[in-house]
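Student: Mind looking over this structure? Questions follow.
The values are calculated or read from the model by the stated rules, or taken from the named source; none is laboratory data. The structure displayed is predicted, hence computed values, not measured ones. Virtual Cβ from ideal backbone geometry, glycine too; neighbours counted across all protein chains shown. Surface accessibility is based on the protein's heavy atoms, side chains included, excluding ligands, DNA and RNA. Shrake-Rupley method; radii C 1.70, N 1.55, O 1.52, S 1.80 Å.
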Amino acid sequence: RADALAGLAPHLPEDLLGEALAAAREIGNEYHRAEALAGLVPHLPEDLREQALREALAAAREIRQEDYRAKALAALAPYLPQELLSQALAAAREIVDKSDRAEALAGLAPHLPEDLLGEALAAARKIGNKYHRAEALAALAPHLPQELLGEALAAARKIRDEYHRAKALAALVPHLAELGYPQEALAAAREIRDEDARAFALAALAPHLPQELLGEALAAARGIGWEDARARALAGLAPHLAALPRPALSPLWDETLPRLARRTRRDVLADLRALAPVLFALGGAEAVQETFRAIQDVGRWWP
């Protein structure tokens with residue numbers, strides 16, 4: 001019934017929306033009642049919308065099963081006015097299960113006003129499970145104002161498990177650079193030990209780095225041992241390196257190629273594919289062809 005009402009909502013004339021709202025209110029199950037009301041809300045006239053939202057939020061808060069409560073709160077978040085968002089955040093903070101609380105916070109994060117983001121960050125920091133804390137911090141990261149970003153970064157750095165710390169840091173790093181801290185962002189990316197997450201962070205950071213830091217980012221990327229992760233980081237950096245003036249790019253390439261060549265032939269081919277825009281910027285299509293041909297020529301002596 002909830003699915004049917006939500007599916008009908010975009011097609012109903014205004015004089016029938018009141019009947020649909022009455023039908024939604026009669027659904028006994030709190031989750032499905034909240035689901036039906038959330039589906040109707042975007043299509044209701046203003047005089048019916050606010051009361052429907054209050055009822056939907058009340059129904060969501062009454063849902064006993066916490067994963068359903070988290071889903072209902074996240075579904076309502078885009079439509080809630082500020083005074084109801086504070087109630088939704090309070091409901092999210094009351095969720096005991098760490099996974100469900102993280103899901104609710106993640107769903108609310110993009111819609112919270114700045115004065116509520118501090119509360120959401122505090123709730124994320126209190127999540128005991130390292131995986132779900134990282135998940136909540138990563139969801140909040142793109143929406144945090146400058147004054148809260150330092151707190152989020154400190155919280156991410158305190159996560160003991162390397163993989164989950166990396167996940168949170170990788171989400172924070174690009175936003176840190178966007179807000180005017182590129183050197184700090186690059187330092188945070190370089191401290192990530194998990195190579196896959198470090199590659200992700202470096203690639204995400206690349207568009208936000210000033211030219212003078214691209215060399216440091218390139219050094220961090222070429223130091224990644226795992227072939228796939230290294231190629232991903234290099235590919236993320238390549239378009240931005242290629243845009244450098246040739247006098248700035250040539251020394252970086254002269255330093256990079258010998259370091260890449262210390263690995264196996266397969267590694268170098270993957271790295272050069274990722275860095276093809278840089279080769280092209282230095283010497284056009286001919287330089288790309290000659291480089292790959294040279295590697296083929298020496299292939300029999302190169303494992």
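Student: With contacts defined as alpha carbon pairs under 8 Å and 6 or more residues apart, what's the relative contact order of the chain in percent?
Tutor: Here the relative contact order equals 8 percent.
Student: OK, next. Tell me, what is the percent relative contact order of the stretch 62-211, built from C-alpha pairs under 8 Å that lie six or more residues apart?
Tutor: 16 percent
Student: For helix 30-40, report the angle its Cα long axis makes with the longest principal axis of the Cα atoms of the chain; keep it between 0 and 90° and round to the nearest 10°.
Tutor: So the inclination is approximately 80 degrees.
Student: May I ask you to derive the FRET efficiency for Glu178 and Arg293 from their Cβ-Cβ distance with R0 = 35 Å, giving the value to the nearest 0.05?
Tutor: 0.30
Student: With the cut-off at 1.5 for a/c, could you classify the stretch 143-237 from its C-alpha gyration tensor as rounded, prolate or oblate?
Tutor: The shape class here is oblate.
Student: Can I ask one more? For Asn29 and Arg300 in the same chain, what is the full-extension length gain: residue separation times 0.36 nm, less their Cα-Cα distance, in nm?
Tutor: Working it through step by step, the gained length comes to 90.5 nm.
Student: Let me ask you something else. I need the calculated FRET efficiency for the pair Glu83 and Glu216, taking r as the beta carbon distance and R₀ as 41 Å, to the nearest 0.05.
Tutor: 0.30
Student: How charged is the neighbourhood of Lys167? Take every other residue with its Cβ under 9 Å from the Cβ of Lys167, and add Lys/Arg as +1 and Asp/Glu as -1.
Tutor: -1
Student: If I model a spin label at Arg54 and Ala285 as a point 7 Å from the Cα along the Cα→Cβ vector, what separation in nanometres do I get?
Tutor: It is 6.9 nm.
Student: Rounded, prolate or oblate: which one fits the stretch 221-303, using the alpha carbon gyration tensor with axes a ≥ b ≥ c (rounded when a/c is under 1.5, else prolate when a/b beats b/c, else oblate)?
Tutor: Cα axes put the stretch 221-303 in the oblate bin.
Student: If you take the square roots of the eigenvalues of the alpha-carbon gyration tensor of the chain and sort them as a ≥ b ≥ c, do you get rounded (a/c under 1.5), prolate (a/b over b/c) or oblate?
Tutor: It comes out prolate by the Cα gyration axes.
Student: Using every alpha carbon pair in the stretch 138-192, what percent of pairs falls into each 5 Å bin from 0 up to the bin containing the largest distance?
Tutor: 4, 23, 37, 25, 9, 1
Student: How long are the semi-axes of the ellipsoid equivalent to the stretch 23-100, from square roots of 5 times the Cα gyration tensor eigenvalues, in whole Å, largest first?
Tutor: Its equivalent ellipsoid spans semi-axes of 20, 14, 9 Å.
Student: What accessible area, in Å² to the nearest ten, does a 1.4 Å probe give for His143?
Tutor: 70 Å²
Student: Starting from 0.36 nm per residue, how many nanometres of slack lie between Lys158 and Arg1 once their C-alpha separation is accounted for?
Tutor: 51.9 nm
Student: For the chain, set up a Gaussian network in which alpha carbons nearer than 10 Å are linked by springs, and say which option among Leu84, Leu149, Leu140 fluctuates the most.
Tutor: Its mean-square fluctuation being the largest, the pick is Leu84.
Student: What ranking do 177-186, 257-266 get when scored by the average of other Cβ atoms within 10 Å per residue, highest first?
Tutor: By packing density, highest mean first, the sequence is 177-186, 257-266.
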